[in-house]
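The values are calculated or read from the model by the stated rules, or taken from the named source; none is laboratory data. These numbers were taken from a predicted model, which means no experiment stands behind them. Cβ atoms come from the backbone with ideal geometry, glycine included; neighbour counts cover every protein chain shown.
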Amino acid sequence: MTERWLYAWALGSVAFGGASLLVPLYLVELGATPVDLGLLAASAAVVGAPGAIAFGRFANHVSHRRTLVLLTLGTVALALGAIPTLDGVAAVVVANAALWLVVGGVAPVLTMLVVDAAPESAWGERIGRMNKFQGYGWAGGLVLGTVWPFVGGLFLPDAAVTRTLFWVLAACATGSVLGATRTLPAPDPEAHVTDDRRVRRVARLLARSRRGVRGAAFAFSPNRLYWATSGLCLGRLRGRLDGPLATYFVAATLFFTGFAAFWAPLPLFLTEAEFGSAAVFGLYLVSSLASAVLYEVAGRLVARFDVRILQTGALTARGLLFPLVALVVGLGGAALGLGTVALVLAAVGVTWAVIAVVGTAIVTGLAAPGVRGEVLGVYTALGAVAGGVGGVLGGWVATFGYLVAFGVAGGLVVAGAGLVWAVGSVGGESVPLVDARPDTPSYRRSGRAATDDER
């Protein structure tokens with residue numbers, strides 16, 4: 001299999017990354033309220049999660065998975081072309097939900113094609129490269145949004161700059177379809193991955209792979225969600241969610257909700273503070289890149305330090321940084337606050353790198369052997385559900401003031417940090433939290449390799 005299709009996938013990811021922020025900014029232009037922004041974010045999370053599962057399971061039973069990828073990419077192009085023709089807030093929210101339904105669904109299907117077309121020994125490398133190109137594309141979409149107001153402003157009226165960016169992104173999605181038509185692999189349907197053990201292996205590879213640029217503002221990946229829940233058997237979890245693990249799940253519910261409550265009204269807050277669309281795109285890009293470059297560092301920290309301390313510290317810092325954004329803008333304004341806000345959001349991105357990597361390590365370490373796959377699936381699904389709840393909460397609370405909204409978001413995160421700290425002493429005993437991967441010191445010291453179920 002040649003890898004020219006990766007360039008087509010990266011071009012499609014440009015459209016995804018640009019749309020992730022362009023749609024909220026367009027909604028702001030239409031006069032959206034914080035509640036509207038919250039509903040926009042929540043609806044994307046709510047449909048993206050089941051969309052990934054539904055598309056993946058459908059693709060798992062058909063032989064024309066390549067065609068399904070092309071159709072969903074084509075739908076993205078049509079949706080991006082249609083949204084700027086809509087003038088109603090409700091219509092844009094519905095169209096955006098449809099957009100993220102197909103975006104959430106296409107990634108698991110593409111992963112199927114990647115692993116179906118390669119021997120199992122090559123899966124890790126193939127998935128890693130796919131994620132890397134997707135990250136490049138997503139960052140490219142944010143870069144495009146940053147520079148387009150200056151480029152488009154040279155020959156377009158101000159009112160048309162945002163709408164034309166939609167069509168530029170639609171052209172990227174169309175180019176992705178054309179490129180994928182020529183290069184996307186078409187493996188033998190008989191070689192499709194359906195075996196439970198192989199599905200669990202794909203889920204592990206996705207969980208350990210380096211997160212893309214998207215991770216700074218999105219708490220879950222639809223691709224990971226599908227594979228992590230493919231072999232989910234809730235019956236096997238009965239009696240396995242003990243005190244420490246249940247406590248951590250409650251903590252995760254709090255901090256994932258807090259994350260979404262912060263990001264949902266942020267575009268409107270920055271716009272009302274007189275940051276232009278280019279500045280808003282640039283701020284998101286800074287935060288996203290800060291998290292992306294720190295994932296490998298976070299992975300090394302997991303192997304050297306107490307993960308409970310790492311997670312508690314990162315969550316506490318993030319919870320304090322959320323309201324700091326409102327304070328910095330309030331004190332300095334757009335002119336003086338841009339650089340400072342960029343530093344604060346970069347710090348927010350750094351904390352996400354630690355939280356994402358360490359969170360997987362904690363859940364794996366707390367889960368009983370034999371159900372680690374199911375527990376990780378529940379953890380991933382929890383992020384999706386909390387994202388929907390947090391989006392609505394953040395939009396509603398922002399009607400009382402952005403400092404209040406960001407303060408509530410930060411408070412939820414800090415409360416989650418407190419519960420993470422309590423995990424280490426639930427029931428009066430110290431709970432060992434380790435990264436249960438076979439390449440970490442804890443496993444090397446044990447003198448054995450992990451079984452497929454343990455991984």
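From the list Leu39, Leu25, pick out the single residue that is touching a residue at least 12 places away in the same chain (Cβ under 8 Å), aliphatic (A, V, I, L, M) and closer than 22 Å to Cys172 by Cβ.
Leu25
What pairs come out if I take residues in the range 143-172 that are basic (Lys, Arg) and pair them with residues that are assigned to a helix (DSSP H, G or I) whose C-beta lies under 6 Å away, six or more apart or interchain?
If the second residue must be assigned to a helix (DSSP H, G or I), the pairs left are Arg163/Pro84.
May I ask you to list the residues in the range 46-98 that are surrounded by 19 or more Cβ atoms within 10 Å (Cβ to Cβ) and among the aromatic types (Phe, Trp, Tyr)?
Hit for the range 46-98 is Phe55, nothing else.
Go through Gly258, Gly349, Gly313, Gly276 for me and flag whichever is in the same structural domain as Gly407 (by TED's automatic domain parsing), surrounded by fewer than 24 Cβ atoms within 10 Å (Cβ to Cβ) and either in contact with a strand residue (DSSP E or B) (Cβ under 7 Å, 6 or more places away or on another chain) or closer than 25 Å to Ala42 by Cα (or both).
Result of the check over Gly258, Gly349, Gly313, Gly276: Gly276.
Do we find a residue being under 30 Å from Val115 (Cβ atoms), outside any helix (DSSP H, G or I) and of a type outside the set (A, V, I, L, M, F, W, C) anywhere in the range 63-76?
yes
Within the group Val354, Val385, which residue is touching a residue at least 24 places away in the same chain (Cβ under 8 Å) and surrounded by fewer than 22 Cβ atoms within 10 Å (Cβ to Cβ)?
From the options Val354, Val385, the qualifying one is Val385.
Could you please let me know if Ala303 is in contact with a Pro (Cβ under 9 Å, 6 or more places away or on another chain) and either buried (at least 16 other Cβ atoms within 10 Å of the Cβ) or within 26 Å of Lys132 (Cα to Cα) (or both)?
yes
Can you find, within the range 111-130, the residue that is modelled with the highest pLDDT among those that are in contact with a Leu (Cβ under 8 Å, 6 or more places away or on another chain) and surrounded by 22 or more Cβ atoms within 10 Å (Cβ to Cβ)?
Met130
Considering each of Leu27, Leu40, Leu22, Leu6 in turn, give the residue that is touching an Asp or Glu at 6+ places or on another chain (Cβ under 9 Å), assigned by TED's automatic domain parsing to the domain that holds Gly81 and within 19 Å of Val76 (Cβ to Cβ).
Leu27
Here are the criteria: (1) within 25 Å of Val28 (Cα to Cα); (2) modelled with pLDDT under 95. Tell me which single one Leu241 does not satisfy.
Result: Leu241 fails condition (1) only.
What's the number of the only condition in (1) small (Gly, Ala, Ser); (2) crowded, with 20+ Cβ neighbours inside 10 Å; (3) modelled with pLDDT of 90 or more that Ala367 fails to meet?
Status for Ala367: all satisfied but (3).
Which one of the conditions (1) in contact with a Leu (Cβ under 8 Å, 6 or more places away or on another chain); (2) at pLDDT below 85; (3) under 25 Å from Ala42 (Cα atoms) does Gly319 fail to meet, given that it meets all the rest?
Of (1) in contact with a Leu (Cβ under 8 Å, 6 or more places away or on another chain); (2) at pLDDT below 85; (3) under 25 Å from Ala42 (Cα atoms), only one is false for Gly319: (2).
Checking the conditions here, which among Val408, Val423, Val385, Val392 is modelled with pLDDT of 50 or more and farther than 28 Å from Val47 by Cβ?
Val423
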